[in-house]
Structures are given as C-alpha cells and as structure tokens.
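Quick notes on the structure that follows.
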Amino acid sequence: MVTSEFKLPDVGEGLTEAEIVEWHVAVGDVIKVNDPVCDIETAKSVVELPSPYAGVVQELLVEVGTEVQVGTPIIRIGDSVEASPPPAEASPPPAEASAPPAEASAPAPETSAPEPEAEKPLTLVGYGSKEDAVVRRNRTVSAPAAAAGTGVLAKPTARKLARDLGVDLATVTPERDDGVITTADLEALTNAPASSREPAAPVGGERREPIKGLRKQMGQAMVDSAFTLPHVTIWTTIDVTRTSELVAGLKTNRDFAEVRVSPLLIVAKATLLAMRRTPIINSWWDEAAQEIVFKEYVNLGIAAATPRGLQVPNVKGADRMSLVELGAAINELTDVARTGKTPPADQTGGTFTITNIGPFGIDGGAPIINPGESAILSVGAVKRQPWVVGTGDDERIEPRDVCTLALSFDHRHIDGEAGSRFLADVARIVGDPSTALLF
C-alpha cells in the first residue's frame with residue numbers, strides 16, 4: 001500500500017513557516033496531481049498549494065489556523081483511505097479462536113475505493129500542468145457503515161480527542177452527511193470538552209489573536225522603517241473641485257467604461273508627472289553600498305487594507321501608462337488585494353507608495369514609508385467645505401471640494417526643498433488638472 005506525505009514547501013519567498021488557512025479537500029477525496037489541496041498564508045500573501053501526488057486523501061495532518069514550519073507533513077495521500085495511520089486501539093492482538101469476532105475482521109468501509117493513479121506524481125508544487133478538478137468520493141455511504149471498521153472517517157482532532165477520551169470511533173455516529181466524525185460528535189457523545197481545541201475565546205473581557213502571517217510581517221516592516229529612516233512629513237490642503245469635475249466627466253467617457261474612476265486616479269497620475277521634475281523622490285538609500293539609487297522606472301504602490309492586514313501591491317511601470325491603463329491597473333490591483341491573495345511578485349519591487357485614507361473619512365496623517373522606498377503620499381478625504389476664492393474685490397467664500405495631501409520622506413537624502421517642490425507640484429495638478437499639460 002503506497003502512502004505519501006506532502007510536506008509544506010517553500011513557495012519561493014524564502015518561506016520558513018506558514019499558516020493553513022483553508023483545506024479544499026477532505027478525508028476520502030480522490031485527487032490528481034496539481035489539484036489544489038489547501039490555502040496557506042505566508043508573510044506576504046495567501047497561496048494555493050496544489051498536490052504533488054495523486055490518490056486518496058487519508059488524513060489532514062494540520063488543522064486550519066495552525067502555523068507550521070517548512071518541511072512539516074501537512075497531508076497524507078495513499079491509494080485508499082484505509083491507510084490512515086491507525087490509532088493505538090486500531091491494532092488489536094490476534095483474537096483467540098473462541099473469542100467473538102474481532103473488530104479487525106470487520107469489512108472495509110467501502111469496496112468501491114478508486115484505483116490509484118498509475119503515473120508517478122512529483123510535479124513541482126504550484127507549477128505543474130493543471131489536470132481535472134478534484135473528484136469527490138461518493139459520499140452516499142451511510143455513516144454507520146463507514147464507522148464499522150478500521151476505515152472510520154474522522155478529523156485529525158477528532159482522532160486525538162477519541163484517544164484522549166478512550167472512545168472507539170467505530171461507536172460514534174457522525175452528524176455530517178459525508179460521514180466524517182468531528183470533535184462535536186465526540187462532545188455530544190461524552191459531554192466532554194474538546195481539549196485539543198484552543199479557540200481564541202474572550203477571557204475576562206479580552207480577546208487575543210496570535211501575531212503571525214501578513215500582520216507579523218507588516219508590523220516588523222513598519223518598526224524597521226520607523227526606526228531606521230528619519231521621517232519628515234509635510235502636508236498641504238487644497239481645493240480639488242476641478243478634479244471632482246474631471247472625475248465626473250471621465251465617468252461618462254466611453255474610454256473609461258471599464259474603469260472605476262476616482263480622485264485617487266488623478267492623484268496617482270499627478271504623482272507620476274511630478275516625479276519627472278523631482279526624480280529623487282523615486283530613489284532609495286542603499287545603506288550597505290552607501291549609495292543613492294535612482295530608479296528610472298516607477299512601480300507605484302497602492303496601500304490596501306485587507307482582512308489579513310495591510311498590503312502594498314504595486315503597478316509595474318506605472319510611469320509608462322496612459323490614464324486609462326493606469327486606472328485599470330489600479331482597479332485590478334486593489335480588487336485582488338482585498339481578497340488577500342495578491343501574488344508575492346506584485347508586492348515586491350515598489351518604488352513609491354500612495355495610501356488613500358480618504359474613504360475612511362480621515363483628513364490626513366503622517367504615513368510610514370514602505371521599506372525599500374524613500375517617500376509615501378497620503379490622500380485624505382474629499383470634503384465639501386467653505387473656501388476663500390477669488391482675489392481683491394472678487395474675493396469671497398464658496399463651498400468647495402477640499403482635500404489634504406501629506407508626504408513623508410527619508411530626510412537622509414531628500415531635503416525639505418525637494419519634498420516641498422514635489423508635493424506642491426502634485427497639489428498644483430490635482431487643484432487644476434489642466435496644468436498637467438505643462439509637465
């Protein structure tokens with residue numbers, strides 16, 4: 001009987017550990033090479049792991065929410081479900097001739113187990129050819145039949161709990177339609193607490209969550225940046241009514257029919273244009289080489305809040321894009337980021353970042369520079385406010401759309417004059433988009 005253990009691989013990020021976020025298969029499923037078996041969360045993203053083996057899922061070795069080291073076996077796959085590692089009670093001594101029929105002689109839970117795949121597996125994880133989708137095992141088998149022999153279907157946590165409680169899994173009737181026994185079934189049977197479960201339940205009015213994955217990486221990056229780069233933040237508040245009018249016009253333009261147009265798009269374009277006159281904004285302080293690295297391309301990062309923390313995917317070559325192309329790229333980037341599944345490649349190589357806090361109703365802030373870059377622009381909320389317009393005898397107060405832009409920069413090599421000139425140029429274009437023709 002062939003049994004293979006799939007060990008957590010390094011998916012190419014220098015990975016040392018990852019959290020199992022979701023299993024896509026269950027015990028008894030028949031899978032092929034490269035069928036997705038689970039999602040893992042690394043320090044940068046959520047990655048889908050395909051199986052390097054074909055066969056029947058015998059056991060899921062790691063619970064959802066568990067963080068494991070690279071090289072740790074996470075799933076066992078064989079040519080039938082019966083190869084699941086037998087618990088201690090599953091290997092009874094040979095029965096005496098006069099003894100009643102032993103459990104070991106019970107018939108296998110199913111006789112229609114699929115044939116093992118003929119081909120050898122071993123396609124490199126995540127890069128092999130995609131074959132047929134997961135083939136689910138016939139789950140019409142009755143729960144009692146499935147639990148009658150050694151091929152009892154049970155979650156790994158249920159197996160452990162059963163051993164702790166001294167319960168024979170064959171005596172447990174599962175609630176699930178697929179016949180898989182869970183810890184809830186055991187609790188219902190014994191009224192015993194599941195010692196193997198460790199929920200983050202509130203205790204004394206507190207709730208604790210482990211710091212790991214993306215949040216851990218983000219936290220460390222912010223600390224490194226805040227305490228190694230001398231940040232300076234400057235800001236300006238401007239009348240952006242003309243940008244609001246431009247956005248409204250673009251929304252009816254057929255060229256932007258497939259693009260969600262917002263003030264962020266105009267700010268992004270203004271940022272790229274302003275960099276032409278102040279290229280040091282798009283540079284990087286190389287401490288090890290004692291050099292300032294000027295980037296002759298712009299990979300524009302857009303900070304995005306995700307369910308798993310902050311991500312900063314970037315638009316490669318943003319400075320070479322038209323307004324339509326830039327808008328489409330930002331849309332796609334942020335849409336994927338909100339799912340938490342931005343590929344690691346889209347999060348590396350950024351040269352400048354924009355963080356848009358306007359949708360949260362915040363006027364402004366002092367953002368922390370994304371590691372590896374030298375400046376970051378914060379865009380506040382666009383609010384209708386009284387504003388002084390006109391000059392001389394024509395001076396008056398009118399309701400206008402107003403927004404605050406804030407720029408944090410590395411003061412080791414970007415002085416106040418360069419930072420101020422850059423921010424003033426961005427503000428000038430956003431205040432009057434027609435001035436973009438001058439850049």
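A compact table of results
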quantity	calculated
Residue-normalised accessible area of segment 223-322, expressed per residue, 1.4 Å probe, Å²	52 Å²
Residue-count net charge about R276 - beta-carbon cut-off 10 Å; Lys, Arg +1, Asp, Glu -1	-1
Distance (nanometres) between label positions extended 7 Å along Cα→Cβ at E287 and V232	2.0 nm
Two-site FRET efficiency, E67 against S322, from Cβ-Cβ distance with R₀ of 56 Å, rounded to 0.05	0.80
Rounded if a/c under 1.5, otherwise prolate or oblate - segment 250-404, Cα gyration tensor axes	prolate
Approximate spin-label separation E5-R421, in nm, with each point projected 7 Å along Cα-to-Cβ	6.2 nm
For D164, solvent-accessible area (1.4 Å; no DNA, RNA or ligand), Å²	90 Å²
Linear extension gain, A184 paired with R277, 0.36 nm per residue minus alpha-carbon span	27.0 nm
Anisotropy class of segment 271-328 from Cα gyration tensor, a/c 1.5 cut	oblate
DSSP-loop GluC sites (Glu not before Pro) across segment 22-79, with at most 16 other Cβ within 10 angstrom	E63
Filter on K316/K383; K216/K341; K341/K383; K32/K341 - keep pairs with C-alpha separation over 22 Å	K316/K383; K341/K383; K32/K341
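The values are calculated or read from the model by the stated rules, or taken from the named source; none is laboratory data. Just so we're clear, the structure is a prediction, and the values are computed from it rather than from any experiment. As a convention, Cβ positions derive from the backbone with ideal geometry for all residues, glycine included, and neighbour counts pool all protein chains shown. With ligands, DNA and RNA removed, areas are computed over all heavy atoms of the protein, side chains included. Shrake-Rupley method; radii C 1.70, N 1.55, O 1.52, S 1.80 Å.
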